[in-house]
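Q: One structure, as structure tokens, below. Some questions next.
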Amino acid sequence: MSRADRPTRRTFAPYAFLAPFFLPFVLFTLLPVGYAFWQSLHKTARTGGTFGRTHSVFSGFEQYADVVREPFFADSVLRVGLFALVQIPVMLLFALVLALLLDSAVARLKRFFRLVYFVPYGIPGVVAALMWASLYDPRLSPITALLESAGIRADLLGPHLVLWSIGNVVTWTYTGYNMLILYSALQALPADIEEAARVDGASGWTTALRIKVPLIRPALVLTGVFSIIGTLQLFTEPQVFRSISTSVTSTYTPNLAAYSLTAGDDYGGAAALSVLLATVTFVLSFAFLRLTNRRQG
Amino acid sequence: MSLLTRTEGAHATRGVRTGRASTGAAVAFMTLAACYMLLPVYWLLVSATKSQGDLVDTPGLRPAHWHFGANLAALFRQQDGVFARWLLNSLLYAGAGAAVATALAAAAGYALAKYRFRGRELLFSVILGGVLVPATALALPLFLMFAEVDATNTFWSVFLPSVVSPFGVYLSRVFAAASVPDEVIEAARMDGAGELRIFTGIGLRMMSPALVTVFLFQFVVIWNNFLLPLVMLQDDDLYPVTLGLYTWQTQTSRLPVLQTLTIVGALVSVVPIVLTFLLLQRYWRAGLSAGAVK
């Protein structure tokens, strides 16, 4: 190799290292997003009767208007909104308490509990939903049996409770994951903060609530936004529950609705719904990034 | 997200010395939480050992007659052993997919961390944007695209999209910046090594403990993937195990025996992921602390 060609090699090297990632990234991430957008702006029309050739006609935002006007749209959005309002705070509070307890626990207990809390995250959503579905099943359920012995009759798969039964599955699956993020943030705090608080006579709980929690705010925002994204995209759990509960309809969540539109060959409508969902998700994620960057900077 | 990269070991000994009563309450709460996390797992273990009759007739959390062997045999006999096929498919999708994803992410992350070049920040922003695009929002347009080229219902329609891991690139960039010193790269250049050789011989080797984390994350993501295969695949020979179990579950009202098989199958399907975690745990820990020590 001559000395002269080295700089050229070095100029090309980073692009050569990036290309193997970038090609599939463009094909399987950027292009689908663009394609869905294009598809959402076009309607399929047929010429020459039912079996004629299809071609697409530009329709602007007409399909968005169609989708938004569908009765299922408001229902599924409200349902997911209600779910988010209740499930996310419950889960994050649970994860935060566990993280704070772990942060101040004895080392040996710490390792054991951390592992146990993380177990559900490794279990596929389908399997988690299957397990809990059986635990809720009135014929098999130890939970309903327990409630009944206490004089409570609860149909965990009925129209009133099934949303919260699903909420429990989601909480069970992701509490450990969120706990790990919060716990890592707590561990990254300098040790002398705690020292100083103790010298000032603050109790463990005061230190946790007044000092540690405000300091890990960025991590809390992060888990919050991850949870919002997850909730907007809710699919696997309700889809599995559909096979055991008639209360879960094919348009139960926006994502389920998009799936059933596809199954019904309404690709344009499905695309419009997907783009709407992705946009809302993206806007919220971006808002989070801005928020945390401002905190750090 | 960088929070995930620095954990363990930074503060080995820390603990608030509080009163005995509150310590007791804390341990009690943590134990209760642990019971909650393990309850479904315990139920799965117990139920997998029951016959179909006992499953319906005996209390859910109490063991009945040991029927595990027979259940297992039935599981692998059902539909000419399609379950083994699903397991293999999942291993192939998740194992090979995560391996390729890790290799691509490592090279890209290394380039972003170790070279200054035109468009670097722009490319990185676009990739970060990719992290924010939810996988479920991609599944439907991906289906339409694969349909255009007549490639739905193929192995590749599920495999190819899973080799892209923007989050892996992000982590790799963090790891490369933390664990591959510029001086080492310079020294290798002085010795006349080519850029590719430096990456494979030095960069990859120094990043490898951390890359286990990228591999594990992607492995779990692909193994747990449900919507994409559900949308893409019709032929059950191509199903990953999650989709296979789901289709059995939907048929239990017609074929009650599938209920036992779904439960045993769910237990078996969790084994590979647990094994992967345990086998790679040591490297994984090393990877997580790499950022913290540096």
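Q: Can you tell me which residues in the stretch B:41-75 are of a type in the set (Phe, Trp, Tyr) and surrounded by 17 or more Cβ atoms within 10 Å (Cβ to Cβ)? Steps first, answer last, please.
A: Applying the first criterion (of a type in the set (Phe, Trp, Tyr)) to the stretch B:41-75 yields B:42-43, B:66, B:68.
Scanning the stretch B:41-75 gives a single hit, B:Trp43.
Q: Could we say that A:Phe241 is within 20 Å of the chain's Cα centre (by Cα), open to solvent by less than 10 Å² (accessible area, probe 1.4 Å), at pLDDT 90 or above and closer than 20 Å to A:Asn178 by Cα here? Even if it seems obvious, please write down each step before you answer.
A: On the way: within 20 Å of the chain's Cα centre (by Cα): yes; open to solvent by less than 10 Å² (accessible area, probe 1.4 Å): yes; at pLDDT 90 or above: yes; closer than 20 Å to A:Asn178 by Cα: no.
Here the answer is no, as A:Phe241 does not meet what is asked.
Q: Still on this structure, I have one more. Suppose we keep only residues that are over 27 Å from B:Met232 (Cα atoms) and at pLDDT below 85 within the stretch A:7-58. Which one would you say is least open to solvent (accessible area, probe 1.4 Å)?
A: A:Gly49
Q: Further question on the same structure: Only one of B:Gln218, B:Gln234, B:Gln251 is open to solvent by 30 Å² or more (accessible area, probe 1.4 Å), touching a residue at least 60 places away in the same chain (Cβ under 8 Å) and either hydroxyl-bearing (Ser, Thr, Tyr) or over 18 Å from A:Ala128 (Cβ atoms) (or both). Can you tell me which?
A: Numbers: B:Gln218 fails: open to solvent by 30 Å² or more (accessible area, probe 1.4 Å); B:Gln251 fails: touching a residue at least 60 places away in the same chain (Cβ under 8 Å).
Going through B:Gln218, B:Gln234, B:Gln251 in turn, just one is open to solvent by 30 Å² or more (accessible area, probe 1.4 Å), touching a residue at least 60 places away in the same chain (Cβ under 8 Å) and either hydroxyl-bearing (Ser, Thr, Tyr) or over 18 Å from A:Ala128 (Cβ atoms) (or both): B:Gln234.
Q: List the residue pairs whose Cβ atoms are under 7 Å apart, where the first residue sits in the stretch A:9-26 and is more than 12 Å from B:Ala106 (Cα to Cα) and among the polar types (S, T, N, Q), the second is modelled with pLDDT of 95 or more and open to solvent by less than 70 Å² (accessible area, probe 1.4 Å), and the two are 6 or more positions apart or on different chains.
A: none
Q: Can you name the residue in the stretch A:227-247 that is under 17 Å from A:Gly81 (Cβ atoms) and hydrophobic (A, V, I, L, M, F, W, C) and, of all such residues, is farthest from the other protein chains (Cβ to nearest Cβ)?
A: A:Ile228
Q: Among the numbered criteria (1) at pLDDT below 90; (2) on the phi < 0 side of the Ramachandran plot; (3) over 14 Å from the mean Cα position of the chain (by Cα); (4) open to solvent by 10 Å² or more (accessible area, probe 1.4 Å), which one does A:Ala208 miss?
A: Just one mismatch for A:Ala208, condition (4).
Q: For the condition of a type in the set (A, V, I, L, M, F, W, C) and either closer than 15 Å to B:Gly60 by Cα or touching a His at 6+ places or on another chain (Cβ under 6 Å) (or both), what is the one hit in A:Ala154, A:Ala150, A:Ala133? Give the steps one after another, and end with the answer.
A: Numbers: A:Ala154 fails: either closer than 15 Å to B:Gly60 by Cα or touching a His at 6+ places or on another chain (Cβ under 6 Å) (or both); A:Ala150 fails: either closer than 15 Å to B:Gly60 by Cα or touching a His at 6+ places or on another chain (Cβ under 6 Å) (or both).
Every option except A:Ala133 fails the conditions.
Q: Residues of the stretch B:48-74 being closer than 22 Å to B:Ser269 by Cα, away from chain A (no Cβ under 11 Å) and either touching a Gly at 6+ places or on another chain (Cβ under 7 Å) or part of a loop (DSSP other than H, G, I, E, B) (or both), which ones?
A: Matches in the stretch B:48-74: B:Thr49, B:Ser51, B:Pro63, B:Trp66, B:His67.
Q: What single numbered condition from (1) in a helix (DSSP H, G or I); (2) modelled with pLDDT under 90; (3) among the charged types (D, E, K, R) fails to hold for B:Arg14?
A: It is condition (1) that B:Arg14 fails.
Q: Another question, then. Are any residues in the stretch B:161-195 polar (S, T, N, Q), more than 9 Å from chain A (Cβ to nearest Cβ) and open to solvent by less than 20 Å² (accessible area, probe 1.4 Å), and if so, which ones? Don't jump to the end; show me each part of the working.
A: Initial filter on the stretch B:161-195 (polar (S, T, N, Q)): B:162, B:165, B:172, B:179.
If we keep only those that are more than 9 Å from chain A (Cβ to nearest Cβ) too, we end up with B:172, B:179.
Passing the criteria: only B:Ser172.
Q: Filter the stretch A:260-272 down to residues that are without any contact (Cβ under 8 Å) to a residue 40 or more places away in the chain and open to solvent by 50 Å² or more (accessible area, probe 1.4 Å), then give me how many there are.
A: 4
Q: Can I ask one more? One residue is enough: does the stretch B:137-154 have a residue meeting the conditions open to solvent by less than 50 Å² (accessible area, probe 1.4 Å), more than 7 Å from chain A (Cβ to nearest Cβ) and within 24 Å of A:Val225 (Cβ to Cβ)?
A: Yes, because at least one residue in the stretch B:137-154 is open to solvent by less than 50 Å² (accessible area, probe 1.4 Å), more than 7 Å from chain A (Cβ to nearest Cβ) and within 24 Å of A:Val225 (Cβ to Cβ).
Q: Residues that are facing chain B (nearest Cβ under 8 Å), farther than 22 Å from B:Leu45 by Cα and touching an Asp or Glu at 6+ places or on another chain (Cβ under 8 Å): find the helices (runs of 4 or more DSSP H) completely inside the stretch A:101-215 holding 1 or more of those. Spell out how you get there, then give the answer.
A: Details: elements: A:107-122, A:125-136, A:142-149, A:162-188, A:191-199.
Here the list reads A:162-188.
Q: Test B:Leu38 against the stated conditions and say whether it is open to solvent by 40 Å² or more (accessible area, probe 1.4 Å), assigned to a helix (DSSP H, G or I) and more than 10 Å from every other protein chain (Cβ to nearest Cβ).
A: On the way: open to solvent by 40 Å² or more (accessible area, probe 1.4 Å): yes; assigned to a helix (DSSP H, G or I): yes; more than 10 Å from every other protein chain (Cβ to nearest Cβ): no.
In short, no.
The values are calculated or read from the model by the stated rules, or taken from the named source; none is laboratory data. Note that the structure is a prediction, hence the values are computed from the model and not measured. Here Cβ is always computed from backbone atoms with ideal geometry, including for glycine, and neighbour counts include all displayed protein chains. Each accessible area value is taken on the protein alone, full model and side chains, heavy atoms only, with ligands, DNA and RNA left out. Shrake-Rupley method; radii C 1.70, N 1.55, O 1.52, S 1.80 Å.
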